[in-house]
Amino acid sequence: MVGNGGKAGRYEFDETDRRILELLKVNGRATNQKIARLLKISAATVSARIRQMEDAKAMKVIAATDFSAFGYNILIAIGVEVQGRPAEDVAQELAKLSQILSINLVTGAKDIEILLAVHEFSELSDFLLNDIAAIRGIRSLSPAIAVDTVKFDFDIAPLS
C-alpha cells in the first residue's frame, strides 16, 4: 500500500524509492540484498529507504488475499444515510465489523459507503438486521449487489 492514509504531511518519493516500491509490488518477499543487486545500490540503502517510508506511513509491506479464495462470493456496496449523529462516529462503529472491507465517508445522497463481502446471501439479512441495525444513527441503507468484478486492485496509488 502506498500513501499516507490521508494524514497531514506528505512523503516525497524519489526515483530510488519508486524503484524499490515497484520491486516490492512484484515480490513483497524480495530481500533487501536482491533489491540492492537489481538497483545497483547497497542493501543498507534499501533497508534505510524502506524504514523511512514505513516510518512516514508512506507504505507498508503486507500480505494481500483475494476474498474469493476464502469463499466470499458476494460483494455488496451499501450507501448509509446517517441522522442524529456524526457520520464519522457511525463509520468508526461500522469499522469494528469484520465483514466490511471498506468504509468511506462520502458526499451526495448518502453519508457513508461501505463494501461488504459475504459467503452467501443468507448471511446478508443477519448482518443488516442485527449487526448494522444495532448501530445508533443509521437512518437508511441502500444496498447494491456487485454482479461482476471488472477490476479489483487494492494498490491504486500511482507511483509516477
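Throughout, read-outs are computed from the coordinates displayed, never taken from laboratory work. Quick caveat: nothing in here was measured; it's all calculated off a predicted structure. Cβ atoms come from the backbone with ideal geometry, glycine included; neighbour counts cover every protein chain shown.
What list do you get for Tyr11, Tyr72 if you sort them by fewest beta carbons within 10 Å? Don't skip to the answer; put the middle values down first.
On the way: Tyr11 15, Tyr72 18.
Least to most surrounded, the residues fall as Tyr11, Tyr72.
Considering only Met53, Gly71, Leu97, whose Cα is most displaced toward the positive end of the charge dipole of the range 50-160, charges sitting on Cβ of Lys, Arg (+1) and Asp, Glu (-1)?
Result: Met53.
What does the helix-only formula give at 222 nm for the chain: each DSSP H stretch with n ≥ 4 adding -39500 (n - 2.57), the total divided by the residues, and the result rounded to the nearest 500 deg cm²/dmol? Kindly include the intermediate steps, with their values, before the conclusion.
Details: 5 runs with 47 residues, N = 160.
When only DSSP H runs of four or more count, the value is -8500 deg cm²/dmol.
Lysines within cross-link reach of Lys96: Cα-Cα under 25 Å, excluding same-chain residues under 8 positions apart?
Lys7, Lys57, Lys60, Lys110
Kindly put Asp89, Asp126, Asp17 in sequence by how many other C-beta atoms sit within 10 Å of each C-beta, fewest to most.
Lowest to highest Cβ neighbour count: Asp126, Asp89, Asp17.
Per-residue HN-Hα couplings for the range 35-41, Karplus 6.51 cos²θ - 1.76 cosθ + 1.60 at θ = phi - 60°, whole Hz, x for Gly and Pro?
So the Karplus estimates, Gly and Pro as x, are 4, 4, 4, 5, 9, 6, 9 Hz.
What percent do you get for the relative contact order of the chain when only Cα pairs under 8 Å and 6+ apart count?
25 percent
Could you tell me how many degrees, from 0 to 90 and to the nearest 10, lie between the Cα long axis of helix 43-55 and the main elongation axis, the longest principal axis, of the Cα atoms of the chain?
30 degrees
Using the Cα centre of the chain as the reference point, and only Cβ charges (+1 on K/R, -1 on D/E), how large is the resulting charge dipole? Debye, rounded to the nearest 20.
Charge dipole, the chain, about its Cα centre: 820 debye, nearest 20.
Treating the Cα atoms of the range 67-145 as identical point scatterers in vacuum, please give the log10 of the normalised Debye intensity I(q)/I(0) at q = 0.11, 0.17, 0.19, 0.28 Å⁻¹, two decimals.
Log10 I(q)/I(0), no solvent term: -0.25, -0.60, -0.75, -1.52.
When the distances between all Cα atoms of the range 1-64 are binned every 10 Å from zero, what whole-number percent does each bin get?
Pair shares across the bins are 22, 57, 19, 2.
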